[in-house]
Amino acid sequence: MKKFLLTVAVAAIVAGAAFAEDVTDALNTAGSAVSAMSESANVSESLQGVWFDKKFNCNWQFQVNSGSDVFCVLKDADTNAVIYQFNKNKVKNFRAESQTNSFVISWESEEKNRVYKFSKSISVDLDLQLDIFNNYYNERHNAKIKYVSADARVN
């Protein structure tokens, strides 16, 4: 079932990329998505790219096969300065799963006292739904974060 859903997601991303204004960008976006998803049926290894969070003016940068334990970097959108790096060894309850209508990646950070959840609907829309719950203040941040780029090299 997961492989079927991954195939549907790849088809949706390729279809979305086909409607891009620039053919080169469309091919790069589709190629990145297909190669990332074809490398593994593991959903956590299928999320690659950069998404912009308008409320906090930051970029969420996910990377596939980085060769390090860092799987997500939060950067200031203006200066590109690293705000925080999420390390596989420093999070708990990491989950990557495909659901009926979406892919979901979530984890808890004891250091930040937050639970992070990213959802990608199975559609041509490349944006992600972000849900952060702050355990300390009992606050929730929900936002649709905009897709920026397939380039997710973590420096």
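Values in this text are rule-based calculations from the coordinates and carry no lab data. Keep in mind it's a predicted model, so treat the numbers as computed, not measured. Ideal geometry is used to build each Cβ from the backbone, glycine not excepted, and the neighbour counts take in all protein chains shown.
General observations
- The Cβ shell under 10 Å around Lys92 holds other residues with a net charge of -1, Lys and Arg each +1, Asp and Glu each -1.
- Expressed as a whole percent, the proportion of Cα-Cα pairs in region 98-155 lying more than 13 Å apart is 67%.
- Scattering curve values for region 49-123, log₁₀ I(q)/I(0), Debye with Cα scatterers, q = 0.25 Å⁻¹: -1.34
- Phi-derived couplings, Karplus 6.51 cos²θ - 1.76 cosθ + 1.60 at θ = phi - 60°, listed residue by residue for region 142-147: 10, 7, 8, 9, 7, 5 Hz, with x used for Gly and Pro.
- For Tyr136, net neighbour charge (Lys/Arg +1, Asp/Glu -1) across residues whose Cβ lies under 14 Å away: -1
- Summed residue charge, Cβ within 12 Å of Glu110's Cβ, Lys/Arg positive, Asp/Glu negative: +2
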